[in-house]
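Undergrad: Sending over a structure as structure tokens; questions will come in a sec.
The values are calculated or read from the model by the stated rules, or taken from the named source; none is laboratory data. All figures in this text were calculated on a predicted structure; none of them were measured in a lab. Cβ atoms come from the backbone with ideal geometry, glycine included; neighbour counts cover every protein chain shown. We work out accessible area using only protein heavy atoms, side chains counted, and drop any ligands, DNA or RNA first. Shrake-Rupley method; radii C 1.70, N 1.55, O 1.52, S 1.80 Å.
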Amino acid sequence: MVGDITLLLDSATRLAVPLAFVAMGELVAEKAGTLNISVEGGMLAGAFGAVVGSSVSGSAMIGLLAGIAIGGVVALVQAYLSHALTVNQFVVGLTLNILALGLTTFLFVSMSFNPERFPVWSIPPLAQIPVLGEVLFEQRAPFFAIYLLVPLAWFLIHRTRWGLEAQAVGENPQAADATGISVNLRRRQAIIIGGLYAGFGGAFLSIGAIGGFSPNMTAGRGFIAIAAVIFGAWSIKGALLGCFVFGFMDALRLALPALGIELNPQLLIASPYIMALLALYIFRQRQRQPRMLGIGFERRAV
């Protein structure tokens, strides 16, 4: 029984961690008032880039860096078009998602890959803790970055001047602009940071959790990460909880048939996404979002 619980928690955690990487970056972006829809495309492109990078170089670490960089490139395009040229950010995001899906699928069928996968690391004193030891302290190497990147996102938002300016931009861009803050620059920077996190999440998914790439392998996980940020009321702890809930639902979907519990397979596949929609409905008024979230900024003529 304990072994089954450990396996379920381990599966849930491995499915939740890529979401958590993406959600942390999306939280930074949304605090600055941007809704980075292209995070799905950045995650998918990062997953593909990691596989290509590790195949070409023979190094999983280089593959990881390539995935992060490509996630950043997708975000750079989103940032420039939506917060420099002021093109509608939702249209840009959806276009980039479709482009990432089409391009990665085309390249996948046109190329051959032999990706390197990260080894499993174990932290001996902690890995022996009953139930949670193996889940939290015996995983593939990029997993442990969660213990660094989550506090880094919190520190960036709440303990740096840049983070305070980004939050001001998300709440009242006109007032921020009047104090000399470059509103659209801060928003572009926040989107790029979010893209780097998304690239990391995609790279972890492909060469960390799965060990390969398949077309559309993110399967909407970028959108679920956005839902987790909303579920968590735009807080670090809440977003992490949201990611684990969605990861647990996905793990349960995979575990139930193995336990002999027969349910409608289409319902099982849809269950994590149904959970995301329910979470958005239940927690829609739990805490106020950044006041200017998703609203573009154009400087008023004086």
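Undergrad: Which condition does L8 not pass, out of (1) open to solvent by less than 10 Å² (accessible area, probe 1.4 Å); (2) in contact (Cβ under 8 Å) with a residue 60 or more places away in the chain; (3) assigned to a helix (DSSP H, G or I), if it passes all the others?
TA: (1)
Undergrad: Inspect all residues belonging to the stretch 243-256 and state whether any of them is open to solvent by 50 Å² or more (accessible area, probe 1.4 Å), modelled with pLDDT under 85 and assigned to a loop (DSSP other than H, G, I, E, B).
TA: The answer is no; no qualifying residue exists.
Undergrad: On to the next question. Given the residues V87, V91, V73, which is the only one that is open to solvent by 60 Å² or more (accessible area, probe 1.4 Å) and not in a helix (DSSP H, G or I)?
TA: V87
Undergrad: While we're looking at this one, here's another question. Going through G208, G212, G222 one at a time, which residue ends up being open to solvent by less than 50 Å² (accessible area, probe 1.4 Å), modelled with pLDDT under 95, part of a loop (DSSP other than H, G, I, E, B) and not aromatic (F, W, Y)?
TA: Unique residue meeting the criteria: G212.
Undergrad: Could you grab me the full set of residues in the stretch 139-164 that are touching a helix residue (DSSP H, G or I) at 6+ places or on another chain (Cβ under 6 Å) and among the charged types (D, E, K, R)?
TA: Once the filter is applied, which keeps residues that are touching a helix residue (DSSP H, G or I) at 6+ places or on another chain (Cβ under 6 Å) and among the charged types (D, E, K, R), the stretch 139-164 yields only R140.
Undergrad: Next question, about the same structure. Give all pairs with beta carbons closer than 9 Å in which a residue from the stretch 198-214 that is more than 16 Å from L15 (Cβ to Cβ) meets a residue that is open to solvent by less than 20 Å² (accessible area, probe 1.4 Å) and of a type in the set (D, E, K, R); count only pairs at least 6 apart in sequence or on separate chains.
TA: From residues that are more than 16 Å from L15 (Cβ to Cβ), the pairs are A198/E26; A198/E40.
Undergrad: Filter the stretch 106-119 for residues that are within 24 Å of the chain's Cα centre (by Cα) and open to solvent by 80 Å² or more (accessible area, probe 1.4 Å); which is nearest to F144 (Cα to Cα)?
TA: Across the stretch 106-119, the extreme among qualifying residues is R117.
Undergrad: Would you mention how many residues in the stretch 120-158 are crowded, with 19+ Cβ neighbours inside 10 Å and of a type in the set (G, A, S)?
TA: 1
Undergrad: At pLDDT 70 or above, open to solvent by 20 Å² or more (accessible area, probe 1.4 Å) and outside any loop (DSSP other than H, G, I, E, B): does that describe I274? Break it down stepwise before answering.
TA: Numbers: at pLDDT 70 or above: yes; open to solvent by 20 Å² or more (accessible area, probe 1.4 Å): yes; outside any loop (DSSP other than H, G, I, E, B): yes.
It is true that I274 is at pLDDT 70 or above, open to solvent by 20 Å² or more (accessible area, probe 1.4 Å) and outside any loop (DSSP other than H, G, I, E, B).
Undergrad: Determine whether A166 is surrounded by 13 or more Cβ atoms within 10 Å (Cβ to Cβ) and touching a residue at least 24 places away in the same chain (Cβ under 8 Å).
TA: When the stated conditions are applied, A166 passes them.
Undergrad: Just one of A50, A23 is open to solvent by less than 10 Å² (accessible area, probe 1.4 Å), part of a helix (DSSP H, G or I) and closer than 16 Å to F231 by Cβ; which is it?
TA: Unique residue meeting the criteria: A23.
Undergrad: Going through the stretch 225-240 one residue at a time, which ones are in a helix (DSSP H, G or I) and either acidic (D, E) or modelled with pLDDT of 90 or more (or both)?
TA: Matches in the stretch 225-240: A225, I226, V229, I236, K237, A239, L240.
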